[in-house]
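Some notes on the structure that comes next.
The values are calculated or read from the model by the stated rules, or taken from the named source; none is laboratory data. Quick caveat: nothing in here was measured; it's all calculated off a predicted structure. FYI the Cβ positions are ideal-geometry reconstructions off the backbone, even for glycines, and counts take in every protein chain you see. Surface areas here come from the heavy atoms of the whole protein model, side chains and all, with no ligands, DNA or RNA. Shrake-Rupley method; radii C 1.70, N 1.55, O 1.52, S 1.80 Å.
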Amino acid sequence: MSLADDLKESVRRHVEDPCTIVNAGQIPNREDVKLAAEAIQIEATALSIDIRQFSGLTNAFGRQVVVKMLRAFFEGSVKIVESSTGTVADFNGDGMIVLFTGTDRTERAFQAASQIRWFLSEVLRPRFARYFDSDQVLKARIEEFDAGCGLDDGLVLIGRVGAPGFSDIAWVGRCVNTAAKACKLAGSANPIIATHEVYERLDASTFASTVNWNPIDLITVGGVQREVIATSHFSAP
(Lines give C-alpha, C1' and ligand atoms only; values in the text may rest on other atoms or scores of the structure.)
Protein backbone atom coordinates (compact mmCIF):
# COMPACT_ATOMS: atom_id res chain seq x y z
CA MET A 1 0.00 0.00 0.00
CA SER A 2 1.35 3.43 -0.94
CA LEU A 3 1.59 6.23 1.60
CA ALA A 4 -1.27 8.05 -0.13
CA ASP A 5 -3.50 4.99 0.12
CA ASP A 6 -2.46 4.43 3.74
CA LEU A 7 -3.42 8.01 4.61
CA LYS A 8 -6.80 7.66 2.90
CA GLU A 9 -7.51 4.43 4.77
CA SER A 10 -6.46 6.01 8.06
CA VAL A 11 -8.90 8.90 7.59
CA ARG A 12 -11.68 6.52 6.50
CA ARG A 13 -11.17 4.42 9.62
CA HIS A 14 -11.27 7.45 11.95
CA VAL A 15 -14.38 8.85 10.25
CA GLU A 16 -16.41 5.66 9.87
CA ASP A 17 -15.42 3.41 12.78
CA PRO A 18 -17.40 4.00 16.00
CA CYS A 19 -15.61 5.47 19.01
CA THR A 20 -16.27 3.84 22.35
CA ILE A 21 -16.83 6.27 25.24
CA VAL A 22 -15.88 4.92 28.66
CA ASN A 23 -17.20 6.90 31.63
CA ALA A 24 -14.80 7.09 34.55
CA GLY A 25 -14.91 8.64 38.00
CA GLN A 26 -11.25 9.60 38.01
CA ILE A 27 -8.41 10.45 35.65
CA PRO A 28 -6.83 7.29 34.23
CA ASN A 29 -3.13 6.54 34.29
CA ARG A 30 -1.55 7.72 31.04
CA GLU A 31 -0.44 4.19 30.14
CA ASP A 32 -4.05 3.00 30.40
CA VAL A 33 -5.25 5.32 27.62
CA LYS A 34 -5.19 3.26 24.42
CA LEU A 35 -4.24 4.34 20.92
CA ALA A 36 -7.57 3.07 19.62
CA ALA A 37 -11.12 4.13 18.77
CA GLU A 38 -11.81 4.77 22.43
CA ALA A 39 -12.02 7.81 24.70
CA ILE A 40 -12.43 8.09 28.46
CA GLN A 41 -14.94 10.64 29.73
CA ILE A 42 -14.72 12.32 33.13
CA GLU A 43 -16.36 15.20 34.96
CA ALA A 44 -13.63 17.61 36.00
CA THR A 45 -12.71 21.10 37.06
CA ALA A 46 -9.95 22.40 34.81
CA LEU A 47 -7.30 24.80 36.10
CA SER A 48 -5.14 26.52 33.51
CA ILE A 49 -1.98 28.34 34.64
CA ASP A 50 -0.03 30.55 32.26
CA ILE A 51 3.02 32.77 32.78
CA ARG A 52 2.34 36.22 31.38
CA GLN A 53 4.61 38.09 28.98
CA PHE A 54 6.94 35.12 28.66
CA SER A 55 8.81 36.46 25.61
CA GLY A 56 9.45 39.77 27.35
CA LEU A 57 10.82 37.96 30.41
CA THR A 58 13.22 35.98 28.25
CA ASN A 59 14.47 39.15 26.58
CA ALA A 60 14.89 40.93 29.92
CA PHE A 61 16.55 38.21 32.00
CA GLY A 62 18.11 35.89 29.47
CA ARG A 63 17.45 32.23 28.84
CA GLN A 64 19.39 30.73 31.75
CA VAL A 65 17.68 32.88 34.39
CA VAL A 66 14.23 32.27 32.88
CA VAL A 67 14.86 28.51 32.93
CA LYS A 68 15.64 28.86 36.65
CA MET A 69 12.40 30.77 37.14
CA LEU A 70 10.41 28.18 35.21
CA ARG A 71 11.90 25.28 37.14
CA ALA A 72 11.22 26.94 40.48
CA PHE A 73 7.69 27.97 39.54
CA PHE A 74 6.55 24.67 38.07
CA GLU A 75 8.18 22.51 40.72
CA GLY A 76 6.38 24.48 43.42
CA SER A 77 3.13 24.53 41.45
CA VAL A 78 3.16 20.77 40.87
CA LYS A 79 3.72 20.16 44.60
CA ILE A 80 0.73 22.40 45.38
CA VAL A 81 -1.42 20.62 42.79
CA GLU A 82 -0.48 17.22 44.19
CA SER A 83 -1.27 18.36 47.74
CA SER A 84 -4.76 19.31 46.46
CA THR A 85 -5.11 15.90 44.76
CA GLY A 86 -5.04 17.31 41.26
CA THR A 87 -3.49 15.82 38.13
CA VAL A 88 -1.21 17.73 35.79
CA ALA A 89 -2.63 16.93 32.35
CA ASP A 90 -0.25 18.86 30.15
CA PHE A 91 2.64 21.35 30.02
CA ASN A 92 2.79 23.79 27.12
CA GLY A 93 6.09 25.59 27.66
CA ASP A 94 5.03 28.56 29.79
CA GLY A 95 1.86 27.05 31.24
CA MET A 96 0.07 23.92 32.33
CA ILE A 97 -3.40 22.38 32.50
CA VAL A 98 -4.50 20.63 35.69
CA LEU A 99 -7.63 18.53 36.22
CA PHE A 100 -9.52 17.75 39.43
CA THR A 101 -12.21 15.08 39.83
CA GLY A 102 -14.58 14.12 42.63
CA THR A 103 -17.45 15.86 44.39
CA ASP A 104 -15.17 18.50 45.96
CA ARG A 105 -13.11 18.99 42.79
CA THR A 106 -13.87 22.70 42.38
CA GLU A 107 -12.92 23.56 45.97
CA ARG A 108 -9.61 21.74 45.54
CA ALA A 109 -8.96 23.41 42.18
CA PHE A 110 -9.59 26.87 43.61
CA GLN A 111 -7.46 26.04 46.65
CA ALA A 112 -4.57 25.08 44.34
CA ALA A 113 -4.95 28.29 42.31
CA SER A 114 -4.98 30.41 45.49
CA GLN A 115 -1.91 28.66 46.88
CA ILE A 116 -0.01 28.97 43.61
CA ARG A 117 -0.72 32.70 43.67
CA TRP A 118 0.63 32.84 47.25
CA PHE A 119 3.73 30.85 46.29
CA LEU A 120 4.44 33.18 43.39
CA SER A 121 3.97 36.47 45.25
CA GLU A 122 5.26 35.56 48.71
CA VAL A 123 8.03 33.03 48.03
CA LEU A 124 9.31 32.92 44.46
CA ARG A 125 9.40 36.58 43.45
CA PRO A 126 10.97 37.81 46.74
CA ARG A 127 13.69 35.14 46.50
CA PHE A 128 14.54 36.05 42.91
CA ALA A 129 14.46 39.75 43.83
CA ARG A 130 17.27 39.07 46.33
CA TYR A 131 19.14 37.25 43.55
CA PHE A 132 19.22 40.56 41.65
CA ASP A 133 20.29 42.79 44.57
CA SER A 134 23.30 43.95 42.55
CA ASP A 135 21.19 44.92 39.52
CA GLN A 136 18.35 47.25 40.50
CA VAL A 137 16.95 47.40 36.97
CA LEU A 138 16.42 43.64 36.81
CA LYS A 139 15.32 43.57 40.45
CA ALA A 140 12.50 45.98 39.60
CA ARG A 141 11.45 43.87 36.63
CA ILE A 142 11.09 40.69 38.68
CA GLU A 143 7.52 41.82 39.45
CA GLU A 144 6.76 41.10 35.79
CA PHE A 145 7.18 37.38 36.49
CA ASP A 146 3.50 36.67 37.03
CA ALA A 147 0.93 34.03 36.16
CA GLY A 148 -2.79 33.98 35.54
CA CYS A 149 -5.18 31.19 36.51
CA GLY A 150 -8.38 30.16 34.73
CA LEU A 151 -11.03 27.77 36.07
CA ASP A 152 -13.98 26.01 34.48
CA ASP A 153 -15.96 22.83 35.13
CA GLY A 154 -17.44 20.26 32.75
CA LEU A 155 -16.93 17.06 30.79
CA VAL A 156 -13.52 16.08 29.41
CA LEU A 157 -12.78 13.37 26.85
CA ILE A 158 -9.36 11.78 27.19
CA GLY A 159 -7.88 10.02 24.18
CA ARG A 160 -4.50 8.99 22.87
CA VAL A 161 -3.51 10.59 19.57
CA GLY A 162 -0.63 10.05 17.16
CA ALA A 163 0.73 6.79 15.79
CA PRO A 164 2.41 3.69 17.20
CA GLY A 165 5.81 4.71 18.51
CA PHE A 166 4.90 8.40 18.81
CA SER A 167 1.73 9.38 20.63
CA ASP A 168 0.44 11.60 23.41
CA ILE A 169 -2.74 12.29 25.38
CA ALA A 170 -5.39 14.74 24.17
CA TRP A 171 -7.67 16.40 26.75
CA VAL A 172 -10.78 17.60 24.92
CA GLY A 173 -13.58 19.58 26.47
CA ARG A 174 -15.16 23.00 26.75
CA CYS A 175 -13.90 23.43 30.32
CA VAL A 176 -10.28 22.90 29.23
CA ASN A 177 -10.61 25.47 26.44
CA THR A 178 -12.45 28.00 28.61
CA ALA A 179 -9.99 27.69 31.48
CA ALA A 180 -7.13 28.35 29.04
CA LYS A 181 -8.91 31.37 27.53
CA ALA A 182 -9.76 32.82 30.96
CA CYS A 183 -6.19 32.28 32.07
CA LYS A 184 -4.88 34.37 29.17
CA LEU A 185 -7.24 37.23 30.14
CA ALA A 186 -6.28 37.25 33.83
CA GLY A 187 -4.54 40.49 34.79
CA SER A 188 -2.41 41.49 37.76
CA ALA A 189 -5.41 43.06 39.56
CA ASN A 190 -7.55 39.91 39.18
CA PRO A 191 -5.17 37.00 38.48
CA ILE A 192 -7.75 34.24 38.99
CA ILE A 193 -10.71 34.11 36.59
CA ALA A 194 -13.48 31.52 37.03
CA THR A 195 -16.66 30.80 35.13
CA HIS A 196 -20.03 31.24 36.77
CA GLU A 197 -20.35 27.43 36.86
CA VAL A 198 -17.24 27.25 39.04
CA TYR A 199 -18.58 29.94 41.36
CA GLU A 200 -21.90 28.09 41.71
CA ARG A 201 -20.06 24.91 42.68
CA LEU A 202 -18.15 26.93 45.30
CA ASP A 203 -21.28 28.66 46.55
CA ALA A 204 -21.79 26.42 49.58
CA SER A 205 -18.11 26.39 50.51
CA THR A 206 -16.06 28.82 52.54
CA PHE A 207 -14.33 29.98 49.36
CA ALA A 208 -17.50 31.69 48.09
CA SER A 209 -18.20 33.51 51.35
CA THR A 210 -14.64 34.59 52.24
CA VAL A 211 -13.29 35.49 48.81
CA ASN A 212 -13.82 38.93 47.31
CA TRP A 213 -15.17 38.24 43.82
CA ASN A 214 -15.35 40.90 41.10
CA PRO A 215 -17.78 40.39 38.21
CA ILE A 216 -16.19 41.05 34.84
CA ASP A 217 -17.34 40.87 31.22
CA LEU A 218 -18.43 37.86 29.20
CA ILE A 219 -15.82 35.90 27.28
CA THR A 220 -16.43 34.01 24.04
CA VAL A 221 -14.98 30.53 23.56
CA GLY A 222 -15.80 28.57 20.43
CA GLY A 223 -18.57 31.00 19.57
CA VAL A 224 -20.25 30.57 22.99
CA GLN A 225 -20.39 33.39 25.54
CA ARG A 226 -19.52 32.51 29.13
CA GLU A 227 -20.02 34.63 32.24
CA VAL A 228 -16.86 34.89 34.33
CA ILE A 229 -15.83 36.42 37.65
CA ALA A 230 -12.39 37.21 39.02
CA THR A 231 -10.47 37.55 42.27
CA SER A 232 -7.04 38.46 43.59
CA HIS A 233 -7.41 36.01 46.48
CA PHE A 234 -4.41 33.98 47.60
CA SER A 235 -3.78 31.73 50.58
CA ALA A 236 -0.81 29.98 52.13
CA PRO A 237 -0.71 26.15 52.07
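Just a few scattered comments:
- Scan of segment 62-111 for residues that are hydrophobic (A, V, I, L, M, F, W, C), under 13 Å from Ala46 (Cα atoms) and either touching a strand residue (DSSP E or B) at 6+ places or on another chain (Cβ under 6 Å) or open to solvent by 30 Å² or more (accessible area, probe 1.4 Å) (or both), ordered by number: Val81, Val88, Ala89, Met96, Ile97, Val98, Leu99, Phe100, Ala109
- Odd one out for Asn214 among (1) surrounded by 13 or more Cβ atoms within 10 Å (Cβ to Cβ); (2) in contact (Cβ under 8 Å) with a residue 12 or more places away in the chain: (1)
- Any chance Thr85 is among the polar types (S, T, N, Q) and not in a helix (DSSP H, G or I): yes
- In the set (1) outside any loop (DSSP other than H, G, I, E, B); (2) open to solvent by less than 50 Å² (accessible area, probe 1.4 Å); (3) small (Gly, Ala, Ser), the condition left unmet by Ala4 is number (2).
- Only residues that are farther than 13 Å from Ile158 by Cα and either surrounded by 10 or more Cβ atoms within 10 Å (Cβ to Cβ) or at pLDDT 90 or above (or both) were counted across segment 18-45, and they come to 1.
- Tally of residues being in contact (Cβ under 8 Å) with a residue 60 or more places away in the chain, touching an Asp or Glu at 6+ places or on another chain (Cβ under 7 Å) and not in a helix (DSSP H, G or I) across segment 89-111: 3
- Segment 113-122, subset open to solvent by less than 60 Å² (accessible area, probe 1.4 Å) and among the hydrophobic types (A, V, I, L, M, F, W, C), residue modelled with the lowest pLDDT: Leu120
- Scanning segment 132-150 for residues that are farther than 30 Å from Gln26 by Cβ and either in contact (Cβ under 8 Å) with a residue 24 or more places away in the chain or polar (S, T, N, Q) (or both) returns Ser134, Gln136, Leu138, Arg141, Glu144, Phe145, Asp146.
- Filter result for Val198 (more than 27 Å from Ala37 (Cα to Cα) and without any contact (Cβ under 8 Å) to a residue 60 or more places away in the chain): no
- Checked against (1) touching a Leu at 6+ places or on another chain (Cβ under 9 Å); (2) surrounded by 15 or more Cβ atoms within 10 Å (Cβ to Cβ), Phe207 passes all but a single condition, namely (1).
Here is a yes/no grid of residues against (1) open to solvent by 30 Å² or more (accessible area, probe 1.4 Å); (2) under 17 Å from Phe91 (Cα atoms):
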position: Gly150; (1), (2): no, yes
position: Lys181; (1), (2): yes, yes
position: Glu227; (1), (2): yes, no
position: Ala230; (1), (2): no, no
position: Phe234; (1), (2): yes, no
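- Residue that is most open to solvent (accessible area, probe 1.4 Å), among those in segment 124-146 that are over 14 Å from Arg71 (Cα atoms) and among the hydrophobic types (A, V, I, L, M, F, W, C): Val137
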